[in-house]
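All remarks here apply to the structure that follows.
The values are calculated or read from the model by the stated rules, or taken from the named source; none is laboratory data. On a predicted model such as this, the values are computed, not experimentally measured, just so you know. Backbone-built Cβ (ideal geometry, glycine too); neighbour counts: all protein chains shown.
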Amino acid sequence: MTSFGGVFALEPGREIAARTSRELADAMSRVPGDKVELASGRGYAVAFLDLGMLPGHGRIADASGACSFLAGDLLLRPRAAAKRDDDLRLLHDAWLREDESLLATARGSFAVAQIEPTAGRLRLAVDVIGARSLYVAFSDGLVYFATALRILEALSDLPRRVDVRGLLELSAFNYPLSTRTQYEGVELLDGCESVRVDRGEGVRRLKYMRWGDLRPSKLGQDELPGVLYDCFQEAVRWRLEDESSVVSFFSGGLDSRCVTASLLAEGVRVHTINVAPERSLDLILGRTAAERLGTRHYEYSSGRPDGVNSRVVAGYRAWLSGIGAAEFDRPPTAVWTGNGGSVAVGHVYLDDPMVTLMRQGRRPEAVRAYLRKNRIELTPRAFRPGMRSTVKSCCFDGVLEQVQRLDCHDEGRRLHLFLMLNDQRRHLTDHYEDIDLRRLELINPFFDARFLRLVMAEPVRPFLAHRFYNSWLKTFPFALDSMPWQAYADHVPCPLPMPSGLRTQWEGGYYAEDAVKAALNEVLQRSRLALASEHFPRTVLRAPALRMAWWLTRAGMGDYSYLLNIATAWTEYASRAGSGATKTKLEALSAHA
């Protein structure tokens, strides 16, 4: 299954409105001709879409009327030994037996729901970091749930009021923190979370695994790389079906080449796709590594600076229309990626001073150091004076609140756990939000639950700045450490000679001038419509300052895209929420500030 959404009545005997069922079905896909199915009964309705991008249907229904729905893959067992639907059947039956233990053994990225009509019960759950999104809302005696926020936006009976804190965080981090969304009362399930709803008994939110229960393995630093390599190789092996050829996104960095090397070690042929622009270090180093590894390599250098997920999908489609169509009888619809490696193993965004501050009990100072190092702030220039104190403190307050709340065995690792449960869990949100349009599943072995538990159980300091990663690289086959790679500027450098005269992804001029101009024109067009919209939130945002930013950007006298994107995002969500509710909420917050 690709996506699902549903509604469940908390009150016995309550019927689901026919309009709600229609709206659920209509929201599943925006592509004409897609086959959307509906499962419904007294007190529930679930619409679901299976685009066949993963093997199996992702739905189980039994004679009692109980039904389960799966987006992604549970990975209770290796794919060579058991199929995706077989794992769903195991979980389906375990839940019916009141056995809550099975989720703790799942290794995949997934969102799953079960409805048991005779018992009046709904269950929801996601993977250990919540990489596969599942949203939930409780309103007027109903529970709404969906794998994409746009599905819930389409339901006319679900009230939508903008969550100002969620939108402030979206403007600063590119995602709301914790379980917040852009709407009040609509939440994203947390990592390791399961929700159980029983009619007449209420709602229970459970954690089937707790990060704070992990303890160091006591492996020596010379043993840990080999243990983690074996686990990573197993994570790749568990995700392999019976394919003889697979497709993997590839770059000049470490994460994708580790995935590709592990695939090659399993004896499959690998087609690699690099989406870096011309004259970039990423493109040339990726090409060099692909030649050494012997992959069937393809380069797509026409990408724009408007989101990595959009670029990789464009690259995949370009590859599919050429090499892919010629070499695969059935177009592959799932592609391997190195998503998660730079944070999970490389520990980017963190440094030694932050860890020292955390271990000294100086959490506020550590959070400020994290925000400062990563240049995360929300400028008050776009907001009206009454909002400015709230704007200035929102980043610090949001991160500190998470760091204080998270359960972690190692004080120094709290910020890393914050990143895994925020930055990384939201990394693919927009991809799955639009998966009906993108038509592509992603296979992410770095998000393997067992692998993450092994990493997270260890003390954090040896992993900082890619220190552990560089030694870990030596455990991989094909002499990966003998091929130059692109390293982060403040991390352990690659010790090998680098080609000269090439751009890195962290400096200006990385993308071609026409690609940058096209992306900027799109920002100007969208923000122009936002500034002219009746839904523009004038009680919060400063229209004159934003119009000036628009004109200065258009005239080439500066790039104020960061301000224009705030105007666009706030206006679009205000429009989706409905002007009346939005205006009331924003005015109340402005008056309070």
Expected single match for modelled with pLDDT under 95 and under 30 Å from PRO55 (Cβ atoms) among SER194, SER280, SER256, SER244 is SER244
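Does at least one position in segment 345-361 carry a residue that is assigned to a helix (DSSP H, G or I), out of contact with any helix residue (DSSP H, G or I) (no Cβ under 7 Å at 6 or more places or on another chain), closer than 30 Å to GLU522 by Cα and not assigned by TED's automatic domain parsing to the domain that holds VAL275? So that I can check it myself, show each step before the final result.
Step one: list which residues in segment 345-361 are assigned to a helix (DSSP H, G or I), which gives 352-359.
Still in the running and out of contact with any helix residue (DSSP H, G or I) (no Cβ under 7 Å at 6 or more places or on another chain): 356.
Retained after the next criterion (residues that are closer than 30 Å to GLU522 by Cα): none.
No, segment 345-361 has no match at all.
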Log entry, pairs with first residue in segment 390-409 being β-branched (Val, Ile, Thr), second being part of a loop (DSSP other than H, G, I, E, B), beta carbons closer than 7 Å, six or more apart or on different chains, reads THR390/ALA593; VAL391/LEU378
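Going residue by residue through segment 497-507, is there one that turns out to be in contact with a Ser or Thr (Cβ under 8 Å, 6 or more places away or on another chain) and among the aromatic types (Phe, Trp, Tyr)?
Just the residues of segment 497-507 that are in contact with a Ser or Thr (Cβ under 8 Å, 6 or more places away or on another chain), to begin with: 502-505.
Remaining after also requiring among the aromatic types (Phe, Trp, Tyr): none.
Within segment 497-507, not a single residue is in contact with a Ser or Thr (Cβ under 8 Å, 6 or more places away or on another chain) and among the aromatic types (Phe, Trp, Tyr).
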Note: among SER590, SER579, SER561, SER575, just one is surrounded by 15 or more Cβ atoms within 10 Å (Cβ to Cβ) and either among the charged types (D, E, K, R) or at pLDDT below 65 (or both), namely SER590
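Rundown of residues vs (1) in contact with a Gly (Cβ under 9 Å, 6 or more places away or on another chain); (2) charged (D, E, K, R), yes/no style:
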{"site": "TYR144", "(1), (2)": "yes, no"}
{"site": "LEU152", "(1), (2)": "yes, no"}
{"site": "GLY166", "(1), (2)": "no, no"}
{"site": "GLU184", "(1), (2)": "yes, yes"}
{"site": "CYS192", "(1), (2)": "yes, no"}
{"site": "TRP211", "(1), (2)": "yes, no"}
{"site": "PRO225", "(1), (2)": "no, no"}
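Condition check ((1) within 30 Å of ARG414 (Cα to Cα); (2) of a type in the set (Lys, Arg); (3) under 25 Å from the mean Cα position of the chain (by Cα); (4) in the same structural domain as ASP73 (by TED's automatic domain parsing)) across all residues:
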residue	(1), (2), (3), (4)
LEU263	no, no, yes, no
GLU266	no, no, no, no
HIS271	no, no, yes, no
PRO277	no, no, yes, no
SER301	no, no, yes, no
VAL312	no, no, yes, no
LEU320	no, no, yes, no
PHE328	no, no, no, no
ASN339	yes, no, yes, no
Restricted to segment 308-344 and to residues being of a type in the set (S, T, N, Q), at pLDDT below 95 and part of a helix (DSSP H, G or I), the residue nearest to LEU419 (Cα to Cα) is ASN309
Here, helices (runs of 4 or more DSSP H) confined to segment 412-523 with at least 1 residues that are within 28 Å of VAL227 (Cβ to Cβ) and among the hydroxyl-bearing types (Ser, Thr, Tyr) are 467-472
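Going by the structure shown, is ARG503 crowded, with 18+ Cβ neighbours inside 10 Å, basic (Lys, Arg), in the same structural domain as GLU266 (by TED's automatic domain parsing) and touching a residue at least 60 places away in the same chain (Cβ under 8 Å)? Before the answer, list the steps.
Details: crowded, with 18+ Cβ neighbours inside 10 Å: yes; basic (Lys, Arg): yes; in the same structural domain as GLU266 (by TED's automatic domain parsing): no; touching a residue at least 60 places away in the same chain (Cβ under 8 Å): yes.
Against the criterion (crowded, with 18+ Cβ neighbours inside 10 Å, basic (Lys, Arg), in the same structural domain as GLU266 (by TED's automatic domain parsing) and touching a residue at least 60 places away in the same chain (Cβ under 8 Å)), ARG503 does not qualify.
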So, first residue assigned by TED's automatic domain parsing to the domain that holds GLY294 in segment 464-492, second residue surrounded by 18 or more Cβ atoms within 10 Å (Cβ to Cβ) and among the hydroxyl-bearing types (Ser, Thr, Tyr), Cβ within less than 6 Å, six or more apart or across chains; the pairs are THR475/TYR229
